[in-house]
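A.B. asks: The structure follows.
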Amino acid sequence: MELQTIVIDLGKTVFHLVGVNVRGEVVVRKTRGPSPQTSRKPGSLYSVAPRIRNSMASKVLPAPAPPQMSVGRPRGKPPPVISSRP
């Protein structure tokens, strides 16, 4: 078995490897993902929380209010500039 091209696809949770020979036929095809034991453990990066009521929101929150204070330049005259040059 002689490979001409090897294609590697690194997804978020799945790894694909495909090997193609000189005639363009797929000779090797491997797919690896997280094991079923990994996906069932709480706290795992691959665990999925159970869905409740088709994931619909039970409450709709109002839009946030605008800020209550404005940030700008202070009023008054700026202090005099002190230079260290003689």
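A.B. asks: Quick check on this structure: which one of S39, S58 is at pLDDT below 70, polar (S, T, N, Q) and open to solvent by less than 80 Å² (accessible area, probe 1.4 Å)?
C.D. replies: Of the residues listed, the single one that is at pLDDT below 70, polar (S, T, N, Q) and open to solvent by less than 80 Å² (accessible area, probe 1.4 Å) is S39.
A.B. asks: Moving to a separate point now. Looking at the stretch 1-23, I want the residues that are over 23 Å from G33 (Cβ atoms) and have a partner that is modelled with pLDDT under 85 and surrounded by 10 or more Cβ atoms within 10 Å (Cβ to Cβ) with Cβ atoms under 8 Å, at least 6 apart or on another chain. Which pairs are those?
C.D. replies: N21/L3
The values are calculated or read from the model by the stated rules, or taken from the named source; none is laboratory data. Since we're looking at a predicted model, the values are computed, not measured. Every residue, glycine among them, receives a Cβ derived from its backbone with ideal geometry; neighbour counts consider all protein chains shown. When the accessible area is computed, the model is the full protein with side chains, heavy atoms only, and any ligands, DNA or RNA have been set aside. Shrake-Rupley method; radii C 1.70, N 1.55, O 1.52, S 1.80 Å.
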